[in-house]
Amino acid sequence: MTDPAHSARLPRHLAIIMDGNGRWAKARGAEREAGHQAGAESVRVVVRACRRKGIEALTLYSFSTENWRRPAHEVGALMTLLRQYVLQERREILDQGIRLQAIGQIDRLPVLVRTPLRALIRESRDNTGMVLNLALSYGSRAEIVDAMQAIAREVQAGRLSPDAIDEACVDRHLYTAGLPDPELLIRTSGELRISNFLLWQIAYAELHVTDVLWPDFREAHLDAALSDFARRERRFGKTGEQIKEARP
Ligand code: IPE
Ligand code: IPE
Ligand code: MG
């Protein structure tokens, strides 16, 4: 069921940098892990809402390549939460027709995450409802390097001519191959940076930064971001006048 309120100008692909869990916990005198735990509930709320609204793809920045540098106990707690999320949401993901995908260096994840994650990706692969794309052990520069290596190997093997390397070719070699570029990128907790997320793919994304910390993020905040997006004039290099003329 698609919510008609936003369908007029809904992003096909929404990406979210879910930030502020640690600060949320600190403000309550709790350990950072408690913030991650609370953030998992925001993930549930947002996935359900995006599915209902008819968003085609939702990419959630869940763990970056740089996040491996955090204290071992925090990384461990995040891995446990990821495992719990995949196991607990399995039924709902399948019932809702959601197709789970993951981008990043999945091989670096501990087996306790990798096994249920790969199983649910396989089980949900024919679903057509919404792509839920988890960026896990993800870094955009590593993704671009991987793509360059894959392209170089094809050229070396004589299967690809250097002249045939165009933007579509690069797209096909990124972890996000097959997904439209994100049209809207939300970052919570007020930080004004990209933190190595989807550098190629967000070339023309609209950015929405909110001060709300991720564990406090609810459907009303999502609606505010979607309304903000619907009001933006997306010009892609053209003039405002050209855009108005082209409007039906
Ligand atoms: C985002 O919250 C979750 C991850 C990066 C895994 P943080 O843990 O970065 O929270 P802050 O930024 O320290 O508040
Ligand atoms: C970005 O948040 C990564 C995720 C949300 C998973 P960080 O909290 O790690 O980003 P920086 O280090 O503040 O840029
Ligand atoms: Mg942070």
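Taken together, the values in this text are just the output of simple stated rules run on the coordinates, not laboratory data. Keep in mind that what you see is a predicted model, and the values were worked out from it rather than measured. Quick reminder, even Gly has a Cβ in these numbers, built from the backbone with ideal geometry, and neighbours come from all protein chains shown.
Points to keep in mind about this one:
- Exposure proxy order (Cβ contacts within 10 Å, fewest to most) of 247, 159, 44: 247, 159, 44
- Distant-in-sequence amide H partners of residue 206 (H built 1.01 Å from N, under 5 Å): 184, 185
- Normalising the average separation of contacting C-alpha pairs (under 8 angstrom, six or more residues apart) by the number of residues puts the relative contact order of the stretch 134-204 at 44 percent.
- More than 33 angstrom apart: percent of Cα pairs within the chain: 20 percent
- All aspartates and glutamates inside 12 Å of residue 238 as judged from Cα atoms, apart from same-chain residues fewer than 8 positions distant: none
- Legend: ranking of residues 59, 80, 65 from fewest to most surrounding C-beta atoms inside 10 Å; resulting order 80, 65, 59.
- FRET efficiency for residue 56 and residue 219, using Cβ-Cβ distance with R0 set to 25 Å, rounded to 0.05: 0.85
- Annotation for the stretch 148-189 versus the stretch 57-91: alpha-carbon center distance of 25 Å.
- MRE, 222 nm, helices only [DSSP H, n ≥ 4, -39500 (n - 2.57), over the chain, to nearest 500]: -14500 deg cm²/dmol
- Potential extension, residue 44-residue 126 segment - 0.36 nm per residue separation minus Cα distance: 27.4 nm
- Separation of the residue 152 and residue 26 label points, Cα + 7 Å toward Cβ, nm: 4.0 nm
- Fraction in percent of alpha-carbon pairs per bin - 5 Å, the stretch 110-248: 2, 7, 12, 14, 17, 18, 15, 8, 5, 2, 1
- Extending 7 Å from Cα along the Cβ direction at residue 235 and again at residue 84 yields two label points whose distance is 4.8 nm.
- Legend: calculated FRET efficiency, residue 164 to residue 115, from the Cβ-Cβ distance at R0 = 45 Å, rounded to 0.05, equals 0.75.
- Candidates 66, 123, 167, ranked by Gaussian network fluctuation over the chain, Cα under 10 Å, top entry: 167
- For residue 53, the aspartates and glutamates whose Cα comes closer than 15 Å to its Cα, not counting residues fewer than 8 places off in the same chain, are 3, 219, 223.
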